[in-house]
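Following: one structure in structure tokens, then a few remarks.
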Amino acid sequence: MAKITCPSCGYEIDTPGIVTVCPECGADLRGVMEEVGHQREEMMATIARDDSVTTHEFIVRTRGLTKIYVMGEVEVPALRGVDLDVRRGEYLSIMGPSGSGKSTLFNMVGGLDKPTDGTCFIEEVDMAQLDAFELAWLRCRKIGYIFQTFNLIPVMTALENVTLPMIFAGMGTDEMMERGRTLLDLVGLGDRLHHKPYELSGGQQQRVAVARALANAPAIILADEPTGNLDLQTGKEIIDLLKELNRESGVTVISATHDLKMIDVSDRIVHIRDGEVERIEQRADLELEIGTLGSEHVTD
Amino acid sequence: MLDVKGLAKAARAEGGPIEIEKQMTLPWTDAFRISLRNVTLRLGRAAITAAGVVLGIAFLASVWTSKVVVEGLELSQEEAHRRQVEAVQTAAGVEEEAGTATEVVTAEEKANRAARQAWLVIMSLLVCTVGITNSMLMSVTERFQEIGTMKCLGALDMFIVRLFLIESILIGLLGSLVGVLIGHLIMLLVFCIKEGWDTPAKMDWAAMAVYMLVAVAIGTLLSLVAAVGPAVRAARMPPAAALQTEI
């Protein structure tokens, strides 16, 4: 949540929600907080691009997705026929031990690699039928990527990193800067616009990456181990941010992970083992399980 | 405050698959800005690549400077000699044979010297090109992840190639300018010490300027040629492979 300023004494409060009274002058802050919350809701409405809510229930569908890596003379199957339907607006986690093929699945869905066999549809479009230009357009406009290693461009500032996809999308400079600021504000880095990645902490870098993923109002956010390089607390913050975006703007989040904190927020969890879907769990089935584990419970 | 334009641009589709458009924007100004940033912020890496160009072009410039200087000196010597001969002729009748004999030797020597110089220059430029290619290869390899990321964000292969080529032209231009200055000044200094401080006055400066421009052009071109291979190779990698590369 963004900082708020006390209306009577001008004191800046970093953690609204925890304090409801200004620590400097004791003024009641609830009115200001409500206003900030309302502005944030309006902003959220512009974050994701929802083209055709009524048309397709499934935003991503894969049929018999197979990937075989050839290493020398050995063929290593990473995916053995994955059928997966991802509903529009859902928060889906792909879980599995390392080497189970979840990153490979992530790459196929994101159009970063071509499957050996099988098809992957994004909004009913068969990705295998797209040429390089169309694939680039899809990556630029429809999908936002978040990586374990953040993958910010090291020579660019936070704002430039966020606006880079907008350059590729052909957006005008003024509009681009405005949207870049808005997005960085949204992820709580409104005061770090001109910092280079190495001047930011891991959590902050991942926030920039989240803002960048939202640059062209994508329909899908693909996150590959987004919390893998972060400590527990920071990881939790990123998960909460993704969940908030998912809930408030309706963007579909697909996250490959083995972070158990993700279970709390996922609508469905796909378990992958040895390149195959082992089982799919619904959130409803999990509530009880989490309750017995005693994890922190998120209420809607 | 709200950016509704982003929403308005959305490709709408009823029923069927969404409409896929073709991606093709990276304005030259933005490409130039990004490349320039890459050079200035990775100055260490750029300097190593540029060092190859500087050395090769400094050698080329020194060879050409010495050529121009020597020709200038010979010309002034010949002129002095002719004046001397004329003076002798006017003083003591006809005596031509000695003059022609020395000239024949000079022509043969000149041809030998030119061949030797061409050989040296070609060899040094070859070595220099190999050096720059190697340096470019390293520079591209250590940025595979960045290239993969850019492709994820919607960059086409040609954007990546464009960025690297602009960068190599910048490095090549800067490196060869420095190289020309170093090679030229050092050679001139050597001749000044050896032949006297009036040497610059005896040179053909117009020819020298042409040689210097050609040397800068060659350096820039070499750097560009050396970068094409690595840049194209990197740009063609599937993003997944580029992202996974570790060095």
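The values are calculated or read from the model by the stated rules, or taken from the named source; none is laboratory data. This one's a predicted model, so the numbers in the text were calculated from it and none came from an experiment. Backbone-built Cβ (ideal geometry, glycine too); neighbour counts: all protein chains shown. The protein model used for the area step is the full one, side chains on, heavy atoms only, and it has no ligands, DNA or RNA in it. Shrake-Rupley method; radii C 1.70, N 1.55, O 1.52, S 1.80 Å.
Odds and ends about this structure:
- Under the convention that each Lys and Arg Cβ holds +1 and each Asp and Glu Cβ holds -1, the size of the dipole of region A:58-293 around its Cα centre is about 220 debye.
- Within region B:170-247, the chymotrypsin sites (Phe, Trp or Tyr not before Pro) that combine a DSSP coil assignment with at most 15 other C-beta atoms in a 10 angstrom radius are B:Trp197.
- Spatially near lysine pairs across region A:58-293, Cα under 15 Å, sequence gap of 8 or more or different chains: 5
- Sorted largest first, extent of region A:211-285 alpha carbons per principal axis (Å): 34, 28, 25
- Once all protein chains are placed together, A:Glu134 keeps about 40 Å² accessible to a 1.4 angstrom probe.
- Accessible area per residue (1.4 Å probe, heavy atoms of protein chains only) ranks A:Glu278, A:Glu24, A:Glu124 as A:Glu24, A:Glu278, A:Glu124, with the largest value leading.
- The helix-based estimate of mean residue ellipticity at 222 nm for the protein assembly as shown, built from -39,500 (n - 2.57) per DSSP H run of four or more residues and divided by its residue count, is -18500 deg cm²/dmol to the nearest 500.
- A simple charge model with +1 on the Cβ of Lys and Arg, -1 on the Cβ of Asp and Glu and nothing else charged puts the dipole of the protein assembly as shown at about 660 debye relative to its Cα centre.
- Rounded, prolate or oblate (a/c below 1.5 giving rounded, otherwise prolate when a/b exceeds b/c) for region A:100-259 by Cα gyration tensor: oblate
- Prolate/oblate/rounded label for chain A (Cα gyration tensor, a/c 1.5): prolate
- Take each residue of peptide A:138-150, count the partner chain Cβ atoms within 10 Å of its Cβ, and average: the result is 4.
- Pair A:Met177, B:Gln84: separation of 7 Å Cα→Cβ label points (nm): 7.2
- Annotation: amide H-H contacts under 5 Å for A:Val60 (H modelled 1.01 Å from N, sequence separation of 5 or more, or interchain): A:Val86, A:Glu123.
- Shielding by other protein chains, A:157-167, mean Cβ within 10 Å: 3
- Heavy-atom accessible area per residue - the protein assembly as shown, 1.4 Å, Å²: 48
- For chain A, A:Cys120, A:Cys140 stand unpaired, since no other cysteine beta carbon lies under 4.7 Å from theirs.
- Accessible surface of the protein assembly as shown [probe 1.4 Å, protein heavy atoms]: carbon and sulfur percent: 59
- Over region A:58-293, Cα pairs under 8 Å with separation of 6+ residues give a relative contact order of 28 percent.
- Once backbone amide H atoms are built at 1.01 Å from N, A:Ile221 has A:Gly144, A:Thr252, A:Val253, A:Ile254 as its partners under 5 Å, excluding neighbours fewer than 5 places away on the same chain.
- For chain A, the longest principal axis of the Cα atoms and the long axis of helix A:30-44 meet at an angle of about 30 degrees.
- When the square roots of the Cα gyration tensor eigenvalues are ordered a ≥ b ≥ c, the ratio a/c for the protein assembly as shown is 1.5 or more and a/b exceeds b/c, which makes its shape prolate.
- Using a Förster distance of 60 Å, the FRET efficiency for A:Glu57-A:Tyr11 (Cβ separation, nearest 0.05): 0.80
- A/B buried area, accessible surface, summed, 1.4 Å probe, Å²: 4400
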